[in-house]
Amino acid sequence: MGSLFRSEEMQLCQLLLQTEATYACVSELGELGLVQFKDLNSSVNAFQRKFVNEVRRCEEMERKLRYIEKEILKEGLRIYDVTDNPKAPAPKEMNDLELEFEKMDSELRQVNTNNEALKQNYLELTELKEVLGGAQSYFAMYGNNIQHLVEEETSHEEAIIGMKSQQGNLGYYVGTLLREKVPVFERVLRFVTHGTVFVHVEEISRTFQDPITGDEMHKCMFVVFFQGEQLRNKVKKVNEGLRGTIYPVPDTPAERNEMLVGVSTRLDDLENVLAQSNDHRLRVLGNAQKEMRAWTIKVEKIKAIYHTMNMFKVHQSSLIAECWFPVKALDDIRRALTVGEKQSGSSIPSVIQRMDTHEAPPTYYSCNKFVKGFQNIVDSYGVATYGEVNPAPYTIITFPFLFAVMFGDAGHGLIMFLFGLYLCVKEKELAAKKINNEIFTTFFGGRYIILLMGLFSIYTGMIYNDVFSKSLNIFGTEWDLTGITIPELEAKEDIELHPTMTHRNKTAYFFGVDPIWQSATNKIQFMNSLKMKMAIILGVSQMLFGICLSVFNHLHFRHYFDILVEFVPELLFLGCLFGYLVALVFYKWLMFDAESCAPALLIHYINMFMFKYVGKPQPTKTDPHPCDPQYVFYSGQQTIQTLLFMLAILCVPVLLLGKPIYVVLKKRMSSRRQFAHLSHPTDPLLSNEVGPANGFNKKGLKEGLESQVNPAYQHDEADAGIGNGNRVDPPSTVMSLNSDEETEDDMAKHGASEAQSHGGGHDDLDTGEMFIHQAIHTIEFCLGCISHTASYLRLWALSLAHAQLSEVLWSMVLRLGLTMGGRYVGGPITFVIFFVWANLTVGILLLMEGLSAFLHTLRLHWVEFQSKFYKGEGYHFQPFSFDYIHEMQTLEEAT
């Protein structure tokens with residue numbers, strides 16, 4: 001729980017690796033997945049780094065594997081997952097992999113080229129066979145009338161354009177064209193030849209396949225008759241422009257039959273060759289299919305290793321790396337480096353040197369699959385600053401509970417719980433299927449959230465006594481109806497039950513809401529009062545809890561003065577104003593019953609700010625028990641409310657001025673101490689030194705010393721010495737991550753800029769900016785207390801809306817079906833209407849209303865709760881790991 005409550009303790013270290021052992025060591029660290037490397041060559045061009053050639057070789061292997069993978073998937077084959085995790089091959093094995101991939105790639109490309117040529121030949125022969133058959137049928141039917149048809153067509157065109165065409169031998173072309181291009185072909189021919197050709201088009205019933213893309217093609221056969229060489233050339237050019245094919249068709253039927261027999265024989269031979277070619281191609285792809293997953297993992301690991309090694313600095317025969325890792329993983333990292341050294345045969349051990357830095361460490365939580373979903377909800381708002389309190393452990397309970405308050409229906413919650421339970425029980429089987437549907441992936445990733453939201457919804461539904469908009473009479477009712485006679489029930493449609501007369505014990509119901517309220521006409525007024533007060537109680541409680549969590553941040557960062565100038569005023573402001581309102585609600589529930597004169601809390605709360613109080617009058621004979629909701633209802637109410645209001649008002653200037661004034665005073669005291677130390681040096685050589693005679697006096701010495709105090713004169717010598725592996729930082733910027741003490745100067749710097757904890761910003765902010773920043777924080781908090789409390793009323797509003805929608809579906813859909821039809825017809829009608837009601841329930845109440853409640857719960861946690869203590873200015877810990885390679889399904893995901 002400690003690592004989940006706060007980020008894991010991180011450490012920045014410097015690794016000194018021997019060149020021959022670097023590859024194996026980085027490979028082992030990638031398998032471990034607990035080290036985040038820093039790019040020490042960020043200013044170096046990517047093409048000028050040491051291992052850029054190796055990365056290019058990996059990319060070339062990737063390209064070949066991508067082509068092989070594409071061909072495997074094109075054939076509908078499945079790439080099998082590997083049972084074991086293949087290690088990254090040694091650098092000398094890259095040559096063997098390259099040769100194997102080159103051989104596989106060239107063989108597959110040769111096979112594909114030959115296969116495409118055979119398919120193209122097969123396509124042409126098939127078209128020729130269809131053309132010969134179609135032409136034989138056409139010439140057999142119209143062969144004797146061809147000359148007459150052409151003359152009739154040309155004479156008709158001559159009458160239109162007024163010119164005669166030259167007479168010549170009748171010629172023809174027979175070919176094929178895509179079906180969608182036939183209208184264009186006819187129009188262009190008519191326009192170019194002025195209608196002096198005769199065109200016959202006939203659709204081929206057979207479907208062809210493109211030899212390259214594999215798409216289906218629908219083609220038509222055309223026969224064009226023309227006279228003269230000029231028309232022949234025009235028809236040929238138009239056909240070529242539309243990518244048609246002209247086939248040689250003999251003139252005599254006998255020759256056409258002979259050619260058709262020859263084409264059929266060639267097609268049979270070509271089919272056998274194609275079958276053998278496809279079998280060979282499938283054997284090649286089958287061999288690649290078995291090793292494809294292992295090859296992909298190996299190549300991706302090699303590429304990741306060399307890409308990481310490009311981030312290291314080269315120093316003589318070694319490589320220097322800087323990395324972040326959890327402190328508790330130090331032993332595992334040492335073991336991984338030892339394994340890498342043994343694999344590479346290096347005799348010189350690697351060196352891990354701790355570094356002190358002012359840079360903020362990354363944030364890392366060790367989450368299991370149950371907590372991961374809730375942690376993602378928090379991280380979507382912002383990654384926690386290193387060392388900051390993590391809201392995720394509390395979100396595990398508060399998120400599904402607040403969702404259930406808005407969703408509260410035991411029936412709907414049961415459906416949601418069973419759906420989440422199914423996803424959790426079958427999670428291994430569903431994860432193995434690797435379904436890429438985005439909606440399913442979202443639901444599956446939040447399966448434990450759905451499970452808890454459904455479970456809590458069952459609980460709140462039982463509290464509301466609401467199951468599909470109906471109540472359950474489990475414990476009976478506490479209202480006594482024995483005094484009401486049957487004639488009274490028949491005479492009146494509505495009967496008013498007074499709690500002083502008909503309520504048995506005059507106390508709260510055993511569990512939840514009394515089922516008698518289901519049939520009451522004032523049910524909405526009763527439930528509204530209950531849910532509205534409950535929303536305020538839950539909201540104020542969660543905000544107070546959020547403010548209390550800020551104490552842990554102040555204690556952890558050793559900002560003890562912030563407890564006095566931030567935590568205490570914020571707690572008093574919220575508690576005195578809205579915590580008091582919650583106390584009034586509980587006081588009213590405990591101290592007043594139906595016989596008492598209950599106060600109107602809203603009016604009393606308004607009167608608190610207006611300093612308006614109405615004293616309770618003395619009883620008289622005419623009014624022995626005077627009752628007015630505005631009467632003061634407990635002794636000392638005016639004094640207590642005035643003190644609480646004044647205390648809340650006094651917290652505002654403390655919030656506004658306390659921290660800036662403290663920071664300014666601390667900065668001045670720190671500067672004076674530093675100046676006093678420099679003005680009285682302890683070095684005897686410096687104290688006895690005689691200055692030059694040309695104007696070097698005490699004033700000059702003072703100005704020189706002040707320049708040393710000025711941070712502008714302090715330079716960051718961040719380049720580390722190679723000998724001991726330590727980064728050499730100036731004293732003003734070195735910060736030990738494990739230090740247990742904080743100087744007063746550090747506290748002042750924190751007050752000047754809270755961004756210091758994130759590793760950015762200047763040490764000294766302008767005083768005016770500091771006051772402005774604190775003023776914005778004060779205004780935001782004070783106004784936020786009001787707006788956030790009102791925002792929690794969405795718990796009441798959405799709960800009311802969900803209950804009313806559920807009741808509408810029951811009364812206007814399902815109950816309508818139950819009352820329709822008779823003994824025999826009513827069954828089918830009820831079945832159909834139940835199907836409609838069930839679909840509307842799932843679609844509207846579970847999905848739409850569930851999504852609405854989820855988004856509102858998300859807002860309550862991000863804005864109302866986390867804003868009280870959570871900064872979210874950190875960045876994720878992104879270790880060098882091979883896990884993403886194992887999760888990849890195709891090489892396209894690598895790009």
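The values are calculated or read from the model by the stated rules, or taken from the named source; none is laboratory data. These numbers come from a predicted model, not from an experiment. Here Cβ is always computed from backbone atoms with ideal geometry, including for glycine, and neighbour counts include all displayed protein chains.
Taken over region 1-30, the criterion of being of a type outside the set (Gly, Ala, Ser), out of contact with any Phe, Trp or Tyr (no Cβ under 9 Å at 6 or more places or on another chain) and either buried (at least 19 other Cβ atoms within 10 Å of the Cβ) or not in a helix (DSSP H, G or I) (or both) is satisfied by Met1, Glu9, Gln14, Leu16, Gln18, Cys25, Glu28. Taken over region 205-237, the criterion of being surrounded by fewer than 19 Cβ atoms within 10 Å (Cβ to Cβ) and hydrophobic (A, V, I, L, M, F, W, C) is satisfied by Phe208, Ile212, Met217.
Can you confirm whether region 406-428 contains a residue that is at positive phi and not aromatic (Phe, Trp, Tyr)? No.
Of the helices (runs of 4 or more DSSP H) that lie entirely inside region 474-569, those containing 3 or more residues that are surrounded by 14 or more Cβ atoms within 10 Å (Cβ to Cβ) and at pLDDT 90 or above span 523-556. The residues of region 380-397 that are surrounded by fewer than 19 Cβ atoms within 10 Å (Cβ to Cβ) and part of a helix (DSSP H, G or I), listed by number, are Ser380, Tyr381, Pro393, Ile397. Quick check on region 93-110. Is at least one of its residues among the small types (Gly, Ala, Ser), in a helix (DSSP H, G or I) and surrounded by fewer than 14 Cβ atoms within 10 Å (Cβ to Cβ)? Within region 93-110 (the criterion being among the small types (Gly, Ala, Ser), in a helix (DSSP H, G or I) and surrounded by fewer than 14 Cβ atoms within 10 Å (Cβ to Cβ)), the answer is yes, since at least one residue qualifies.
Of the residues Val201, Val192, Val223, Val174, the single one that is in a helix (DSSP H, G or I) and modelled with pLDDT of 90 or more is Val192.
Residue count for region 58-85 satisfying the condition of being over 20 Å from Gly30 (Cα atoms) and not in a loop (DSSP other than H, G, I, E, B): 14. Applying the condition of being within 20 Å of the chain's Cα centre (by Cα) and either closer than 20 Å to Ile536 by Cβ or aliphatic (A, V, I, L, M) (or both) to region 863-892 and asking which residue is surrounded by the most Cβ atoms within 10 Å (Cβ to Cβ) yields Gln866.
Does any residue in region 309-321 that is within 18 Å of Pro91 (Cβ to Cβ) come within less than 6 Å, Cβ to Cβ, of a residue that is small (Gly, Ala, Ser) six or more places away or on a different chain, and which pairs are these? That search, which allows pairs on different chains as well, returns Phe312/Ala321.
Tell me whether region 464-484 contains one or more residues that are over 52 Å from the mean Cα position of the chain (by Cα) and among the acidic types (Asp, Glu). Yes; the residues of region 464-484 include at least one that is over 52 Å from the mean Cα position of the chain (by Cα) and among the acidic types (Asp, Glu). Would a scan of region 83-94 turn up a residue that is charged (D, E, K, R) and in contact with a strand residue (DSSP E or B) (Cβ under 6 Å, 6 or more places away or on another chain)? Within region 83-94, not a single residue is charged (D, E, K, R) and in contact with a strand residue (DSSP E or B) (Cβ under 6 Å, 6 or more places away or on another chain). Residues in region 624-644 that are surrounded by 12 or more Cβ atoms within 10 Å (Cβ to Cβ) and either of a type in the set (A, V, I, L, M, F, W, C) or modelled with pLDDT of 95 or more (or both): Val632, Phe633, Ile640, Leu643, Leu644. The residue of region 792-822 that is surrounded by the fewest Cβ atoms within 10 Å (Cβ to Cβ), among those that are over 23 Å from Gln525 (Cβ atoms) and among the small types (Gly, Ala, Ser), is Gly822. Taking the listed residues Lys313, Lys290, Lys328, Lys298, the one that is touching an Asp or Glu at 6+ places or on another chain (Cβ under 8 Å) and of a type outside the set (A, V, I, L, M) is Lys328, with no other qualifying.
The number of residues in region 594-646 being touching a Ser or Thr at 6+ places or on another chain (Cβ under 8 Å) and touching a residue at least 60 places away in the same chain (Cβ under 8 Å) comes to 2.
Within region 412-434, being in a loop (DSSP other than H, G, I, E, B) and either over 22 Å from the mean Cα position of the chain (by Cα) or of a type in the set (Gly, Ala, Ser) (or both) holds for one residue alone: Lys426. Among residues of region 11-38 that are touching a residue at least 12 places away in the same chain (Cβ under 8 Å) and under 14 Å from Phe877 (Cα atoms), those with a Cβ under 8 angstrom from a residue that is in a strand (DSSP E or B) and among the charged types (D, E, K, R), sequence gap 6+ or separate chain, pair up as Gln11/Arg354; Leu12/Glu322; Leu12/Arg354; Phe37/Glu322; Lys38/Glu322.
Restricting attention to region 42-85, and to residues there that are more than 30 Å from Asn112 (Cα to Cα) and either small (Gly, Ala, Ser) or touching a residue at least 12 places away in the same chain (Cβ under 8 Å) (or both), which single residue is surrounded by the most Cβ atoms within 10 Å (Cβ to Cβ)? The selected residue is Phe51.
Annotation note: of Val188, Val199, Val192, Val184, the sole residue that is touching a residue at least 24 places away in the same chain (Cβ under 8 Å) and within 18 Å of Tyr247 (Cβ to Cβ) is Val199. Of everything listed in (1) touching a helix residue (DSSP H, G or I) at 6+ places or on another chain (Cβ under 8 Å); (2) in a loop (DSSP other than H, G, I, E, B); (3) of a type in the set (Gly, Ala, Ser), the single unmet condition for Ala648 is (2). Of all residues in region 398-411, those satisfying the criterion of being among the small types (Gly, Ala, Ser) and either in a helix (DSSP H, G or I) or touching a strand residue (DSSP E or B) at 6+ places or on another chain (Cβ under 9 Å) (or both) are Ala404, Ala410, Gly411. Screening region 337-355 for residues that are among the hydrophobic types (A, V, I, L, M, F, W, C) and not in a loop (DSSP other than H, G, I, E, B) and picking the one that is nearest to Ser318 (Cα to Cα) gives Val351.
Regarding Ile661, is this residue assigned to a helix (DSSP H, G or I), among the β-branched types (Val, Ile, Thr) and under 26 Å from Met543 (Cα atoms)? Spell out the reasoning first.
On the way: assigned to a helix (DSSP H, G or I): yes; among the β-branched types (Val, Ile, Thr): yes; under 26 Å from Met543 (Cα atoms): no.
Judged against the criteria, Ile661 is not a match.
Exactly one residue among Leu584, Leu656, Leu647 is surrounded by 15 or more Cβ atoms within 10 Å (Cβ to Cβ), at pLDDT 90 or above and more than 30 Å from His554 (Cα to Cα), and that residue is Leu584.
With the structure loaded, tell me whether Ala797 is in a helix (DSSP H, G or I), within 37 Å of the chain's Cα centre (by Cα) and under 22 Å from Lys533 (Cα atoms) or whether it fails that test. Yes, satisfied. Remark: Leu847 falls outside the filter, which requires a residue to be touching a residue at least 24 places away in the same chain (Cβ under 8 Å), of a type in the set (A, V, I, L, M) and surrounded by fewer than 21 Cβ atoms within 10 Å (Cβ to Cβ). Do we have any residue at all in region 194-208 that's polar (S, T, N, Q) and touching an Asp or Glu at 6+ places or on another chain (Cβ under 8 Å)? Scanning region 194-208 turns up at least one residue that is polar (S, T, N, Q) and touching an Asp or Glu at 6+ places or on another chain (Cβ under 8 Å).
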